[in-house]
1. Could you look through the range 181-207, keep only residues that are within 19 Å of Ser134 (Cβ to Cβ) and touching a Gly at 6+ places or on another chain (Cβ under 9 Å), and pick out the one that is surrounded by the fewest Cβ atoms within 10 Å (Cβ to Cβ)?
2. Looking at His338, His388, which is the one that is at pLDDT below 95, at positive phi and surrounded by 15 or more Cβ atoms within 10 Å (Cβ to Cβ)?
3. Answer yes or no: is there a residue in the range 299-306 that is in contact with a helix residue (DSSP H, G or I) (Cβ under 8 Å, 6 or more places away or on another chain), in contact (Cβ under 8 Å) with a residue 60 or more places away in the chain and either among the small types (Gly, Ala, Ser) or crowded, with 22+ Cβ neighbours inside 10 Å (or both).
4. Can you name the strands (runs of 3 or more DSSP E) wholly within the range 304-412 that have at least 2 residues being under 19 Å from the mean Cα position of the chain (by Cα)?
5. Considering the range 135-164 alone, what residues qualify as being over 15 Å from Ala208 (Cα atoms) and either outside the structural domain of Glu183 (by TED's automatic domain parsing) or not β-branched (Val, Ile, Thr) (or both)?
6. From the residues in the range 25-73 that are of a type in the set (Asp, Glu) and within 24 Å of Asp220 (Cβ to Cβ), which one is nearest to the chain's Cα centre (by Cα)?
7. If you scan the range 221-258, which residues turn out to be polar (S, T, N, Q) and over 16 Å from Pro126 (Cβ atoms)?
8. Within the range 163-175, is even one residue closer than 19 Å to Tyr253 by Cβ and modelled with pLDDT of 95 or more?
Amino acid sequence: MGLGDIKYEDIVAATEEFRHLGRDNFLQTYGFGRAKSYELVLDGFRYDSKAIAGVAHGHATGHFLSAGDFSGGAATVARRLRELGFVVETGETGETSRNRAALLERLRALRVSRGPGNPAPSRHQPLSLLWAISRQADEQPRMTPWPQFRDVVGPLLVEFGLPNAKATPEYPFWHLRSSGLWEVQGVPTESAQAMPKKSILDAHHPQAGLTKKTADLLRDPVVRLDAIATICDTYLEDLDRQTLFERVGLGGYTTAGGLLSPSDDASSGGGVDEYGRATGPASRRDEIRSVIVRDEALARKVKELEGDRCQICGTVLRYLNRPYSEAAHIRGLGRPHHGPDELQNLLCLCANCHVLFDGLEIYVDPDGLVRGTRNSREPRPLRRDPRHPIDEAHIGYHRNLCTINSPRLAID
């Protein structure tokens, strides 16, 4: 028995029981917590999707599932509910929303110094936090030994710090503690009352990094992107974002879909002729890679719903005498975006618009108009088929990516 046993009427029965008992009593009665990501939306009410699925299974089979009996998420509960014709949206719990807001407020209120004759805030703490967030996105340890911090963050402060500012990585290593987002471990007690001398740090090799609570919040890709945007907009507005992200370890945020570039060591296999043209077959190499497995049925579904017509430009391409289109993920599946492989996260695009969308050259504004990030194209509405639901949270995520890469882009 599984979620496939659940029918439309079972979900409706579970939602009626939810409203009758009230949310807290319903969740407590059946052993579920509040939804962290996905909520069922029906007749203006929002329901915890996993709890509804577990109770609906009981109505269908007589066996009520508890939270530990099955996994929730896009690939299980959300997919089954959508297959039955229900609307499922991503959302935040009240506590999650408050924690996220508190995190962003702390980031905007860093106690950064200002040098004599330069009113601009120092970039040492913001750059150090961006680097720490990049480690979080790469799932590296949150705490970093002082020698590593010094040797990696120091050059970043030289390259991206204020003009004529001295690079002193020991200052953000220690003073970021005042943000409430950072901790330092391993400094001798007698040296911890004031900022330790650099010689103390060199001798004892303490560690510093995001607090556990902060690191846990930043595991959410949406919160992480908001944090990056807040830091950049507040302290690093005039920097070249793409260069900054590449250097600091956030290169994955310069595209929406992880566009691949040719391998540096790729070469032709048969040498070149007297005119410099490649001869013979292309070279081969063996590789072992971990790749994301996409749901091909979903890709076919979005193309079918949209009739292989690009939702942005309206083009219907043909290839080998057949319609050709591409299923484009709005929020990329891989690191660092970790978007879900679901219909609500897909667009049907032509190859050209797919490249522009992934390359953050175009975005969908809050009014549903497709615009260019360089203001070089006439806005036009994103075409939507009523049978093809699109999660506005994914559209907003992509729009946020465009904003941090084009800081002069004004998006209401």
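The values are calculated or read from the model by the stated rules, or taken from the named source; none is laboratory data. Predicted model, so just to flag it, every value in this text is computed and none were measured. So basically every Cβ, Gly included, is an ideal-geometry build from the backbone, and we count neighbours across all protein chains shown.
1. Within the range 181-207, the subset within 19 Å of Ser134 (Cβ to Cβ) is 181-183, 207.
Narrowing the set further to residues that are touching a Gly at 6+ places or on another chain (Cβ under 9 Å) leaves 182-183, 207.
Details: Trp182: 22, Glu183: 16, Gln207: 18.
Only one residue tops the list, namely Glu183.
2. Values: His388 fails: at positive phi.
None of the other options fit; the residue is His338.
3. Within the range 299-306 (the criterion being in contact with a helix residue (DSSP H, G or I) (Cβ under 8 Å, 6 or more places away or on another chain), in contact (Cβ under 8 Å) with a residue 60 or more places away in the chain and either among the small types (Gly, Ala, Ser) or crowded, with 22+ Cβ neighbours inside 10 Å (or both)), the answer is yes, since at least one residue qualifies.
4. On the way: elements: 317-319, 322-324, 326-329, 346-349, 362-364, 369-372.
Correct list: 326-329, 346-349, 362-364.
5. Kept after step one, since they are over 15 Å from Ala208 (Cα atoms), are these residues of the range 135-164: 137-139, 155-164.
Scanning the range 135-164 gives Ala137, Asp138, Glu139, Pro155, Leu156, Leu157, Glu159, Phe160, Gly161, Leu162, Pro163, Asn164.
6. Applying the first criterion (of a type in the set (Asp, Glu)) to the range 25-73 yields 39, 43, 48, 69.
Of the ones still in play, those that are also within 24 Å of Asp220 (Cβ to Cβ) are 39, 48.
On the way: Glu39: 19, Asp48: 23 Å.
The residue in question is Glu39.
7. The initial filter retains those residues of the range 221-258 that are polar (S, T, N, Q), namely 230, 234, 242-243, 254-255.
Gln242, Thr254, Thr255, listed by residue number.
8. We begin by selecting, within the range 163-175, every residue closer than 19 Å to Tyr253 by Cβ; these are none.
Within the range 163-175 (the criterion being closer than 19 Å to Tyr253 by Cβ and modelled with pLDDT of 95 or more), the answer is no, since none of the residues qualifies.
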